[in-house]
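Okay, structure first, notes after.
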Amino acid sequence: MKKYKMIRISTVTAMLLIGSSLFAGGDISPAAEPIQTKKSEKPKWQLNGNMTVKYNTLPGEVDTISALFSEGLFYGRLRANAFNWDWSEETEKLHDNHAMGIGGSLIYKSASLHGFSGTAGFYTSQNPGFYNMDSDEVGFVKAGKDTLSRLKVKQTGNWGMNVLGQAFLQYNSEVLDIIAGRQLFESVFTASNDTKMIPNAFDGVSASAKIYDKTTARVAYFTDQKLRDHTTAHDVITFKDESGESWANNDDAAVHRGLNYANFVTAGEDPDHDLIVADIQTKAIKNLKATLSYLQVPGIVQDLVLEAHYKVAFDNGWAVKPGFRYFYQMDDGGGDIAGYTNITGKEAIGYNLGTDNSLDSSLIAARIDVTMPNKQGFFRLGYSKIDDKADILTPWRGFPTGGFTRAMAQYNWFANTETWMARVVYKVTPNLNMSLRYAIQDFDDAKKYVPADSDVWNLDVVYRLTDQLYLKGRVGIVNADPGDTGKLDTSYNEYRAEINYLF
């Protein structure tokens, strides 16, 4: 059983909570919606472009306990995801793979009594036998791994998952919103990332408060995380468990494998950790969205992120929106635990010697959007550069280069990585959306356990047959260029198909 620990919130966190004059915003959404009745001709709920959900109708306020439950609402979702991954050349470690998940979710939101309410969400993902890999090949599954639990397949041969994905109590008023329990939390560091079958969730408490005109402050304290392909919660940062099982703890693709259970025990440190997130968001200045965010895993790492986006509108409906993000990562003891390794857990060959046993690092990202009139679409040019120090540590599904240069299934925040991305999004018809991305990823050739340089194409097509039925197709084409670096050629084509029906 995890021990509860008293944790000193750092000075930076305190500043975030009281500094009402600081900036916030960017592309980050508030933690939760107020519980209120919304009259709308739109469907009860709908999908956003990133596959998160938007509630158009929520239960209202009631006066009795019985009405608290009887006046609640159910939100149903049927979904299916299919994946095909085709390596340009199969090797002992690279096998072509495929996966499919069929299932959905049923979410119940109670009405609100004196501001108090509750939410519970059950999710299921079942894998049809005709589209499965063999059980002994489950480790080769790439993008489709989030439709199943690899650990469960390994231990029982069962490919299906049934999960309590959300379960929380909530208090909501005009200025304060508090959520306690298993929840989804969208921030620059954390995300539900609900693009497969089951969202990424966190166990703990979060609070949001309006502190100034169009300005909101949030703070969250999480004791556990439950990744999309896990049936139970696990530590927020520790890789592997006491038995050395890689898939039993935090096995996110972006986890730092040097921060594993054995290394914590060897160093005499607790392998159980907590996650603190805080931010201030504002739109108080006209045409400006900005955010100041803070994260801490006590004894491991601290992060500070400043982000801002400004809109310059023209009379013809077009607009230009420049934006930037500065991500500053501070070692808080995790470097000594990980030792001289990068996030793959292997020796940091080719890294600057000054970064030995340190997680200190940073990144800068910038973009400029040109948006079309009537929300018809936009053009984007993005750039990101990682400092030539440590890799960026971020296993909570909030991608540090996301929205700027990150392409589908890519991790471009290894040290000394430079990326350019061009993107166009266009609404062909009111129900047909298309997105095309092209990224040039320049990794450090001298770093051994870092990917080879690559060009990436992503095409996304979303067709809304009705207000409730969505079809989505995705194609990813990656052309790696190892040159004479000796790195592995990881070129591949990836194909995804998705169906969602909301009721």
Q. Considering ASP229, ASP252, which residue is among the charged types (D, E, K, R) and either out of contact with any Leu (no Cβ under 7 Å at 6 or more places or on another chain) or farther than 28 Å from TYR326 by Cα (or both)?
A. ASP229
Q: Quickly run through segment 271-310 and pick out the residues that are free of Cβ contacts under 8 Å to residues at least 24 places away in the same chain and either touching a helix residue (DSSP H, G or I) at 6+ places or on another chain (Cβ under 6 Å) or charged (D, E, K, R) (or both).
A: LYS286
Q) Which residue pairs have Cβ atoms under 7 Å apart, sit 6 or more places apart or on different chains, and have a first residue in segment 455-477 that is in a loop (DSSP other than H, G, I, E, B) and a second that is buried (at least 18 other Cβ atoms within 10 Å of the Cβ)? A) GLN468/LEU502
Q: Answer yes or no as to whether ALA409 is surrounded by fewer than 20 Cβ atoms within 10 Å (Cβ to Cβ) and touching a residue at least 60 places away in the same chain (Cβ under 8 Å).
A: yes
(Q) So, in segment 272-287, exactly how many residues are surrounded by 22 or more Cβ atoms within 10 Å (Cβ to Cβ) and in a loop (DSSP other than H, G, I, E, B)? (A) 1
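Yes or no, residue by residue, for (1) at positive phi; (2) outside any strand (DSSP E or B); (3) crowded, with 19+ Cβ neighbours inside 10 Å:
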| position | (1), (2), (3) |
| --- | --- |
| GLU137 | no, yes, no |
| LYS145 | no, yes, yes |
| ILE179 | no, no, yes |
| PHE185 | no, yes, yes |
(Q) So GLY160 passes all but one of these: (1) buried (at least 22 other Cβ atoms within 10 Å of the Cβ); (2) on the phi < 0 side of the Ramachandran plot. Which condition number does it fail? (A) (1)
Q.
I want to confirm something. Restricting to segment 415-431 and keeping residues that are hydrophobic (A, V, I, L, M, F, W, C) and over 16 Å from VAL370 (Cα atoms), which single residue is surrounded by the most Cβ atoms within 10 Å (Cβ to Cβ)?
A. ALA415
Q: Name the single residue, out of those in segment 255-310 being more than 30 Å from PRO322 (Cα to Cα) and hydroxyl-bearing (Ser, Thr, Tyr), that is farthest from the chain's Cα centre (by Cα).
A: THR266
Q: Would you mind stating whether MET133 is assigned to a loop (DSSP other than H, G, I, E, B), crowded, with 20+ Cβ neighbours inside 10 Å and among the hydrophobic types (A, V, I, L, M, F, W, C)?
A: yes
**Q.** Selection from segment 223-241 of residues that are part of a strand (DSSP E or B) and either without any contact (Cβ under 8 Å) to a residue 12 or more places away in the chain or not β-branched (Val, Ile, Thr) (or both)
**A.** ASP224, GLN225, LYS226, HIS234, PHE239
Q) Looking at segment 203-218, is at least one residue surrounded by fewer than 23 Cβ atoms within 10 Å (Cβ to Cβ), within 16 Å of the chain's Cα centre (by Cα) and not aliphatic (A, V, I, L, M)? A) yes
Q: Would you please list the contacts, defined by Cβ atoms under 7 Å and residues six or more apart or on different chains, that run from a residue in segment 351-374 that is part of a helix (DSSP H, G or I) to a residue that is surrounded by fewer than 16 Cβ atoms within 10 Å (Cβ to Cβ) and not hydroxyl-bearing (Ser, Thr, Tyr)?
A: PRO373/ASN316; PRO373/GLY317; PRO373/TRP318; ASN374/GLY317
**Q.** Subset of segment 95-112 [buried (at least 18 other Cβ atoms within 10 Å of the Cβ), of a type in the set (A, V, I, L, M, F, W, C) and either assigned to a strand (DSSP E or B) or out of contact with any helix residue (DSSP H, G or I) (no Cβ under 9 Å at 6 or more places or on another chain) (or both)]
**A.** ALA99, MET100, ILE102, ILE107
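Being among the charged types (D, E, K, R) and at pLDDT 95 or above is the filter here; which residues of segment 161-209 pass it?
As a first pass, look at segment 161-209 and keep what is among the charged types (D, E, K, R): 174, 177, 182, 186, 194, 196, 203.
ASP177, ARG182, GLU186, ASP194, LYS196, ASP203, listed by residue number.
For the condition in contact (Cβ under 8 Å) with a residue 40 or more places away in the chain and over 30 Å from ASP279 (Cβ atoms), what is the one hit in SER192, SER173, SER206, SER149? I'd like the intermediate steps shown before the answer.
On the way: SER192 fails: over 30 Å from ASP279 (Cβ atoms); SER173 fails: over 30 Å from ASP279 (Cβ atoms); SER206 fails: over 30 Å from ASP279 (Cβ atoms).
After ruling out the rest, the residue left standing is SER149.
Being modelled with pLDDT of 95 or more, among the small types (Gly, Ala, Ser) and within 23 Å of SER192 (Cα to Cα) narrows it down to one of ALA111, ALA67, ALA120, so name that one. Give the derivation first.
On the way: ALA111 fails: within 23 Å of SER192 (Cα to Cα); ALA67 fails: within 23 Å of SER192 (Cα to Cα).
Testing whether each residue is modelled with pLDDT of 95 or more, among the small types (Gly, Ala, Ser) and within 23 Å of SER192 (Cα to Cα) leaves just ALA120.
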Q) Between residues in segment 31-54 that are at positive phi and residues that are at pLDDT 55 or above and in a loop (DSSP other than H, G, I, E, B), which pairs lie under 6 Å by C-beta distance while being six or more apart or on different chains? A) MET51/ASP194; MET51/THR195
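Could you say whether any residue in segment 364-371 is in contact with an Asp or Glu (Cβ under 7 Å, 6 or more places away or on another chain) and over 16 Å from PHE414 (Cα atoms)?
First, the residues of segment 364-371 that are in contact with an Asp or Glu (Cβ under 7 Å, 6 or more places away or on another chain): none.
No, because not a single residue in segment 364-371 is in contact with an Asp or Glu (Cβ under 7 Å, 6 or more places away or on another chain) and over 16 Å from PHE414 (Cα atoms).
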Q: Scan segment 242-269 residue by residue and report those that are over 27 Å from GLN410 (Cβ atoms), of a type outside the set (A, V, I, L, M, F, W, C) and free of Cβ contacts under 8 Å to residues at least 60 places away in the same chain.
A: GLU242, SER243, GLY244, TYR261, THR266, GLY268
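The values are calculated or read from the model by the stated rules, or taken from the named source; none is laboratory data. Please read these numbers as outputs of a predicted model, since none were measured by experiment. Neighbour counts run over all protein chains shown; Cβ positions are idealised from the backbone, glycine included.
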